[in-house]
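A.B. asks: Sharing a structure, written as C-alpha cells. Questions coming.
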Amino acid sequence: MRLSNRAARTPTHRRWRTFAFAFLVTLAPMLAWTLATPLSASPDEPAHAIRAAAVVRGNIVGEQPGQTWSMTASVPRWVAHSVELPCMAFHSEISAACQPALRGDPNETVTTSTTAGVNNPTYYLVTGLPSLVMSGNAGLYAMRGVNAVLTAGLLAFAFMALRQLAHNRWATLALSVSVTPMVLFLGGVLNPNGVEVAAGASLLAT
C-alpha cells in the first residue's frame, strides 16, 4: 500500500525524469566501452554477431552439425569475418592493429558457425537489425549500440521503479552499487549478459 500511495503521489513527469537521468548516466559509459573495445574483443562477440545476423534474416534454427550448442548459418561475409578479428586474444603484447582486412565482397552470403546457436532468438532479433542496413565495422558498432540502449533502458526502468518506494534512498543506492563496471562493459559490447543483468534488476525492482 505504501508503494502504491507513493506512486500515486509522484507526478508522471518526475518519474520519467528519473528514467531519463538514469538512462543517460548508464548509457554514457556503455557507449565509451563500445568505442574503446576492439571489435570482437569481448567474450564470444563473434558468435553473438553471427547469431544476430542470422536470426534477423530468418535463420532462427539453422543446422546443428553434431553439437547441440552449435549451429551453421548463412550471413554476410563481413559478419562471418568477425571470427578472424580477435587476433590479440590472450596476447597482451599484441595490439588490435593485427586484425586482418576483409577480403572479397563484404555483402556476399557465406556459411559459418556460431556457438550461440541455441540462445533465445528474441535478443538477437533486435540487436541484429543494424546489420540489415549497415555493413562492416559500422554495422558491428551499431549492433553494440543497440545492446547498450537496451541495457541502459532496462536499468533506467529499475531506477524509476525503485524511486516509487516510500523510503527509496537505500534501495536506489543498492542498485547504483550493483551497476558494476562489468555490467557497463557487457552493456557496451555485443553480449546478451548485460541485457540479462539489467532485465533481472528491472524485474526485481518492479
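The values are calculated or read from the model by the stated rules, or taken from the named source; none is laboratory data. A quick note: this is a predicted structure, and the numbers were derived from the prediction, not measured. Virtual Cβ from ideal backbone geometry, glycine too; neighbours counted across all protein chains shown. When the accessible area is computed, the model is the full protein with side chains, heavy atoms only, and any ligands, DNA or RNA have been set aside. Shrake-Rupley method; radii C 1.70, N 1.55, O 1.52, S 1.80 Å.
A.B. asks: Take segment 169-187 and flag every residue that is within 19 Å of the chain's Cα centre (by Cα) and either loosely packed, with under 12 Cβ neighbours inside 10 Å or without any contact (Cβ under 8 Å) to a residue 60 or more places away in the chain (or both).
C.D. replies: Hits for segment 169-187 are 178, 180, 181, 182, 183.
A.B. asks: I'd like the residue in segment 143-160 that is among the aliphatic types (A, V, I, L, M) and open to solvent by less than 20 Å² (accessible area, probe 1.4 Å) and, out of all such residues, is farthest from the chain's Cα centre (by Cα).
C.D. replies: 158
A.B. asks: Can you tell which of 190, 140 is of a type in the set (A, V, I, L, M, F, W, C), crowded, with 20+ Cβ neighbours inside 10 Å and either without any contact (Cβ under 8 Å) to a residue 12 or more places away in the chain or outside any helix (DSSP H, G or I) (or both)?
C.D. replies: Among 190, 140, only 190 is of a type in the set (A, V, I, L, M, F, W, C), crowded, with 20+ Cβ neighbours inside 10 Å and either without any contact (Cβ under 8 Å) to a residue 12 or more places away in the chain or outside any helix (DSSP H, G or I) (or both).
A.B. asks: Is one or more of the residues making up segment 57-75 under 19 Å from the mean Cα position of the chain (by Cα) and touching a residue at least 12 places away in the same chain (Cβ under 8 Å)?
C.D. replies: Yes: one or more hits.
A.B. asks: Right, another one. When the residues of segment 95-119 are narrowed to those that are closer than 18 Å to residue 136 by Cβ and in contact (Cβ under 8 Å) with a residue 60 or more places away in the chain, which ends up most open to solvent (accessible area, probe 1.4 Å)?
C.D. replies: Per the criteria, the residue is 99.
A.B. asks: Determine whether residue 199 is within 15 Å of the chain's Cα centre (by Cα), buried (at least 18 other Cβ atoms within 10 Å of the Cβ) and not aromatic (Phe, Trp, Tyr).
C.D. replies: yes
A.B. asks: Let me ask you something else. Quick check on residue 122: is it at pLDDT 90 or above, crowded, with 16+ Cβ neighbours inside 10 Å and closer than 19 Å to residue 189 by Cβ?
C.D. replies: The answer is no for residue 122.
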